[in-house]
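Before I ask anything, let me first share the structure, which is written out below as structure tokens.
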């Protein structure tokens, strides 16, 4: 079989990411299947999960047949409140959604790397004071789930000011200071707190051990780094299709050496393929039973509204460009147009998340990166209707 070109790779990624072909049963199933899904923008991330549910019977943006529907926002929020999936910092210094029994091993594997990335910030404050602050956070959430504002207030009441340098040198906040967000990220990475149920529109923090089951999920009762690397590689390639070592390393925050160890651990299940054409010079890895060059993979079609941090883009660095329309203007644009309009699997525009309810989705604010033409405008209307239905559900 010939090498892998960009068109074939894009088709394989859309299928593996459940943006074409068979969808998954529900949003919690999406999170579990993917292992970790970036959740920096929480409500847009829920839309990204819903987009991957029950999508097998309709092209992107189009209505599903009678009796089928994608999960609505309120349904997804209820599952989150119940702890069917959680939100915490892992992999990179940003929030990710993950299944409860995946949280412990993912943090054990990637938490040290995120700590290392945050090292410069950590060195700006007094470690003993940070340890004290994390202990206070643990005490506060033990009583009930707390919002970020409540934790900041509770810390202040105990003499730990996270908003301004205290008068005494050497205390938490001295010098450039530490933000409350960085402190809470550290508590998350250390397995002290994790997401709790929402309070209105506000996220809360809850005790890690109350929301995360004992043990290490698919790894069993004890943690083993080689097994964790193997699990991460399998989960990633199963849902992201073919990728380079650098793609996987950037997504996971692991070193190239760790990624290669993970590939070696699953060597019987993976195979390399060399890029050709626009992918010339790159080597991709894929699962043995999911060849990205499969001629039966359908060509992408239709218009999609994807959130800015969708896994179709954030799962890759070195080969992300295959999902960008060559005719589109540069992707870096100022303002609030951060989410992505995708046509036939490639970025062609940007859109602004509606600030109100479903009615705002009907008049979605779009910024095109190339001349859309009537076909794209018609496809956008269907995609708007799907988003409005999600927001109303």
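The values are calculated or read from the model by the stated rules, or taken from the named source; none is laboratory data. As the structure is a computational prediction, the values presented were derived from the model and not from experiment. Because the Cβ atoms are built from the backbone with ideal geometry, glycine has one as well, and the counts that use them run over all protein chains shown.
For the range 244-268, give me the residue count where each residue is out of contact with any helix residue (DSSP H, G or I) (no Cβ under 7 Å at 6 or more places or on another chain) and assigned to a loop (DSSP other than H, G, I, E, B).
Here the count works out to 3.
Under the condition of being assigned to a loop (DSSP other than H, G, I, E, B) and surrounded by 17 or more Cβ atoms within 10 Å (Cβ to Cβ), which residue from the range 142-160 is modelled with the lowest pLDDT? Talk me through it step by step, then tell me what you get.
Start the filter on the range 142-160 by keeping residues that are assigned to a loop (DSSP other than H, G, I, E, B), which leaves 144-145, 158-160.
Checking the rest, the ones that are also surrounded by 17 or more Cβ atoms within 10 Å (Cβ to Cβ) come to 145, 160.
Details: 145: 98, 160: 85.
Result: 160.
Check whether at least one residue in the range 292-311 is at pLDDT 95 or above and surrounded by fewer than 19 Cβ atoms within 10 Å (Cβ to Cβ), and report yes or no.
yes
Which pairs do you get when a residue that is touching a residue at least 60 places away in the same chain (Cβ under 8 Å) and at negative phi, found in the range 92-113, comes within reach of a residue that is buried (at least 24 other Cβ atoms within 10 Å of the Cβ) and assigned to a helix (DSSP H, G or I), reach meaning Cβ atoms under 7 angstrom, with the pair 6+ apart or on two chains?
Cβ pairs passing all conditions: 97/31; 97/45; 98/31; 98/106; 99/31; 109/232; 110/252.
Within the range 370-393, take every residue that is closer than 21 Å to residue 299 by Cβ and assigned to a loop (DSSP other than H, G, I, E, B) and give me the one that is modelled with the lowest pLDDT.
370
A further question follows. Output the number of residues of the range 4-25 satisfying the condition of being more than 22 Å from residue 343 (Cβ to Cβ) and modelled with pLDDT under 95. If you could, list the steps in order and put the result at the bottom.
We begin by selecting, within the range 4-25, every residue more than 22 Å from residue 343 (Cβ to Cβ); these are 4, 24-25.
Okay, now just the ones that are also modelled with pLDDT under 95, so 24-25.
Here the count works out to 2.
Continuing with this model, one more query. Test of understanding: among 298, 363, which residue is under 25 Å from residue 77 (Cβ atoms) and assigned to a loop (DSSP other than H, G, I, E, B)? First the steps, then the outcome.
Values: 298 fails: under 25 Å from residue 77 (Cβ atoms).
Exactly one of 298, 363 is under 25 Å from residue 77 (Cβ atoms) and assigned to a loop (DSSP other than H, G, I, E, B), namely 363.
Conditions tested, residue by residue: (1) touching a strand residue (DSSP E or B) at 6+ places or on another chain (Cβ under 7 Å); (2) touching a residue at least 40 places away in the same chain (Cβ under 8 Å).
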residue	(1), (2)
229	no, yes
237	yes, yes
254	no, yes
258	no, no
262	no, no
275	yes, yes
279	yes, yes
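State all residues of the range 208-243 that are surrounded by fewer than 18 Cβ atoms within 10 Å (Cβ to Cβ) and not in a helix (DSSP H, G or I); if no residue qualifies, say none.
Within the range 208-243, 213, 214, 215, 220, 221, 222, 223, 224 meet the criteria.
Please go through the range 161-184 and give me each residue that is at pLDDT below 55, within 15 Å of residue 132 (Cβ to Cβ) and surrounded by 15 or more Cβ atoms within 10 Å (Cβ to Cβ), ordered by number. Break it down into steps so the answer makes sense when it comes.
Quick first cut of the range 161-184, residues at pLDDT below 55 only: 165-177.
In the following step, the residues that additionally are within 15 Å of residue 132 (Cβ to Cβ) were identified as 166, 168, 170-174.
Passing the criteria: 166, 171, 172, 173, 174.
Going through the range 301-316 one residue at a time, which ones are assigned to a loop (DSSP other than H, G, I, E, B) and more than 23 Å from residue 274 (Cα to Cα)?
Pass one, the range 301-316, residues assigned to a loop (DSSP other than H, G, I, E, B): 301-302, 307-310, 315-316.
301, 302, 307, 308, 309, 310 - these are the residues of the range 301-316 that are assigned to a loop (DSSP other than H, G, I, E, B) and more than 23 Å from residue 274 (Cα to Cα).
Moving to a separate point now. Any idea which residue in the range 264-273 is surrounded by the most Cβ atoms within 10 Å (Cβ to Cβ), counting only those that are more than 17 Å from residue 316 (Cα to Cα) and touching a strand residue (DSSP E or B) at 6+ places or on another chain (Cβ under 8 Å)? Steps first, please.
In the first step, residues of the range 264-273 are kept if they are more than 17 Å from residue 316 (Cα to Cα); the result is 264-271.
In the following step, the residues that additionally are touching a strand residue (DSSP E or B) at 6+ places or on another chain (Cβ under 8 Å) were identified as 269-271.
Details: 269: 16, 270: 19, 271: 15.
Among those residues, the one meeting the criterion is 270.
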